[in-house]
Amino acid sequence: MEEKTSFWSRITFSDIVDWTLIPILMIGVVISVYIWLLLPIEPGSMEANIIGDPVSGFSNVWASVLQHLKLIGISSVLAILAAVPAGILITREGFRDFADIILGVANFGQSVPSIAILALFMGIMGIGAPTAIFALWLYALLPIVRNTATGIDEVSADVIEAARGMGLTNRQILFDIELPLSFPVMFAGIRTASVINVGTAALGAFIGAGGLGNFIITGIPLSRERMILIGAILTAVMAVMVDWILGKIEDRLVFRRE
Amino acid sequence: MIKLEHVTKIYPGTTSPAVDDLSFTVPTGEICTIVGPSGCGKTTTMKMVNRLIEPTDGEIYVLNERGEMQNVLEMDPIILRRNIGYVIQQIGLFPHRTILQNMGTVPKLLEWDNTRIRSRAEELLDMMNMPHEFLDRYPHELSGGQRQRIGVARAMASDPPVMLMDEPFGAIDPINRNLLQNEFLRLQQEIKKTILFVTHDIDEAIKMGDKIAILNANGQLEQYDSPAKILSEPANEFIEDFVGADRTLKQLNLIRVEEVMDKKPFLLQSTQSVEEALQVMDEEGQDYAYVVDSDRRLQGYVSRKDLKEKSGWIDEYTTTAATSLPITMNLRDALSEMLMVDYSTICVVDNRDRVRGTVNTAMVQEALMETHSSGKREEV
């Protein structure tokens, strides 16, 4: 109560490091990529055709970044929309029997190698972004379903009993007690799934989904290291940033026990 | 009032009932403790009252605020539970909610406005002797004893006439448990709730209960009576065993020194002269006498030997008394004090240290003999 000092005076050195270290490092990496890998590209060369012209702007690089974000964004949002309700459902009375089936489907998505999933669904759905998004979606389901169900199951039985004894309805117990208390575990699943998706989405290029993977799979047969590095480094930067941003959101939303 | 009529619970997949044809009535404003060996169905019995468990057979009635007996089996369980306070051993405070939000759970469900919830929460903290700062804290910032008090306060938030308590002090260390029990008994004097109180500890059952229901391992009621009656007249061998061989000593818990003390003890005034004191002691045939000041506050004692052939005022020869007993102390504690000192008689004082009487071991014994012969203590 007495702690109502100004916002600025409460910021410590470790807060500043916590908030700026990763973004500054990543900006540094991106600038290095620009200077060392992109700037030396000669106008009119084969690399310039694929990557873009460093002077007139890197339209291809930027478009690939956006395409990559689109792949992971759509697949992750769809995965959350499907997996969170599924995770909740399998903790409900009467639906626990379906837990094995739902977790089994999700497990299938996880245990088959991602490249194999892409190949498998390419056969059914054809090439292009929708197939990649579908595969990524399938791939992201398991961590979210499992963490949602685990989070809810971990809510102390005493808390639930007290809530029920005080006359909360099942719906109120779910929304007021179980979901808020299981949110940290659930969100950790979402974070894991999203970060894995950034890397997996690079494989989308194999089936013509675009994204940063394009530079890698084009660069390998042509033995253009510069091209491979651009794809690899930017994918890694994106994974780190997605993890960092979700981590910051988690800090904000998640109730802290300590 | 809580009334159980031939209540039976048979869990699916079992043949023998967990609770077998249970009938008893808890009068309004009394605490009924349910006690028995583990697995005797005491918690099941309690949970059937707010329908966390549905009885297989029988009827349960609860008296509501409007003075009507309501058949709980005909009520919406959600509405029913919002009108019955519920406290469990593990407390079950919501860790993501502040103390205010925790205490406001049921009032919020009953759609009280925030000002009313807050003032009720402050009132409850006052009752529990806790500071208002706690309202904005989280449960993990409180000690175990404080959390348990909040758990009880939360159950009382909407002032329900009936409360169910499942080993509410079971997880607390013995010293704090005793404290919480005493606090709660004092509180109950004011709030006069009708309470069903489950415990596995016979001592707690005796201490907390106006009535005790003792169940056997088959979920049958062996005896339903006042603690004094159960101790002095156990219905059968099972009760005798369950209550323990020291049941006579346990009876001492139920009697306060006030009830057995000599209310007109022989006392001397500190302003009396030695000569006068010796004369009175001769007349009364006393070798020792307690000395009080003009406010009846205990000064100490004098002995005839010390006063012999002395002159002046007796306060010069007064020795400080090693101990005195508070008037609210129970006889068991009083007896143990008496055994520790070699005085034949000990002063009983009120909270302002004024002598209200004296007590000795003979009086304790006499009180016990009386309960034993008549078993009538519960009217006292």
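The values are calculated or read from the model by the stated rules, or taken from the named source; none is laboratory data. Everything numeric in this text was worked out from a predicted model, so none of it was measured. Here the Cβ positions follow ideal geometry from the backbone for every residue, glycine too, while neighbour counts run over all protein chains shown.
What the table below lists for this structure:
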item: Qualifying residue in the stretch B:22-43 (condition: out of contact with any His (no Cβ under 9 Å at 6 or more places or on another chain), polar (S, T, N, Q), outside any strand (DSSP E or B) and surrounded by 24 or more Cβ atoms within 10 Å (Cβ to Cβ)); result: no
item: Boolean, B:R116 is away from every other protein chain (no Cβ under 14 Å) and modelled with pLDDT of 95 or more; result: yes
item: Set B:I88, B:I53, B:I79, B:I31: member being within 10 Å of another protein chain (Cβ to nearest Cβ), of a type outside the set (S, T, Y) and in contact with a helix residue (DSSP H, G or I) (Cβ under 8 Å, 6 or more places away or on another chain); result: B:I88
item: Any hit, the stretch A:54-61, residues being under 21 Å from the mean Cα position of the chain (by Cα), surrounded by 13 or more Cβ atoms within 10 Å (Cβ to Cβ) and farther than 24 Å from A:A209 by Cα; result: no
item: Residue that is at negative phi, touching a helix residue (DSSP H, G or I) at 6+ places or on another chain (Cβ under 7 Å) and exposed (fewer than 13 other Cβ atoms within 10 Å of the Cβ), where the choices are B:D295, B:D287, B:D246, B:D282; result: B:D287
item: Helices (runs of 4 or more DSSP H) enclosed by the stretch B:244-320 - at least 3 residues per element that are among the polar types (S, T, N, Q) and modelled with pLDDT of 85 or more; result: none
item: Filter result for the condition that a residue is closer than 27 Å to A:A205 by Cα and outside any helix (DSSP H, G or I), over A:I35, A:I80, A:I41; result: A:I41
item: Selection count where residues are within 11 Å of chain A (Cβ to nearest Cβ) and touching a residue at least 12 places away in the same chain (Cβ under 8 Å), scope the stretch B:136-154; result: 7
item: Filter result for A:T192 (facing chain B (nearest Cβ under 8 Å) and either under 20 Å from B:Q89 (Cβ atoms) or out of contact with any Ser or Thr (no Cβ under 8 Å at 6 or more places or on another chain) (or both)); result: no
item: Residue list for the stretch B:48-75, filter: surrounded by 22 or more Cβ atoms within 10 Å (Cβ to Cβ) and either touching a residue at least 60 places away in the same chain (Cβ under 8 Å) or farther than 19 Å from B:H6 by Cβ (or both); result: B:V49, B:N50, B:V62
item: Residue in the stretch A:228-241 that is more than 24 Å from A:A106 (Cα to Cα) and more than 21 Å from the chain's Cα centre (by Cα) present; result: yes
item: Members of the stretch B:97-113 found to be free of Cβ contacts under 8 Å to residues at least 24 places away in the same chain and within 15 Å of B:Y138 (Cβ to Cβ), listed by number; result: B:Q101
item: Only listed residue being at pLDDT 90 or above, surrounded by 17 or more Cβ atoms within 10 Å (Cβ to Cβ), more than 14 Å from chain B (Cβ to nearest Cβ) and under 26 Å from A:S75 (Cβ atoms), chosen from A:F134, A:F215; result: A:F134
item: Of all residues in the stretch B:91-102 being of a type outside the set (V, I, T) and over 15 Å from A:G167 (Cβ atoms), the one that is farthest from the other protein chains (Cβ to nearest Cβ); result: B:L100
item: Among the residues listed as B:E141, B:E133, B:E167, the single one being charged (D, E, K, R), farther than 15 Å from B:E183 by Cβ and in contact with a strand residue (DSSP E or B) (Cβ under 7 Å, 6 or more places away or on another chain); result: B:E167
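For every residue, the table says whether it meets (1) within 14 Å of chain B (Cβ to nearest Cβ); (2) without any contact (Cβ under 8 Å) to a residue 24 or more places away in the chain.
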residue: A:P85; (1), (2): no, yes
residue: A:I90; (1), (2): no, no
residue: A:G151; (1), (2): yes, no
residue: A:L168; (1), (2): yes, yes
residue: A:L174; (1), (2): yes, no
residue: A:F183; (1), (2): yes, no
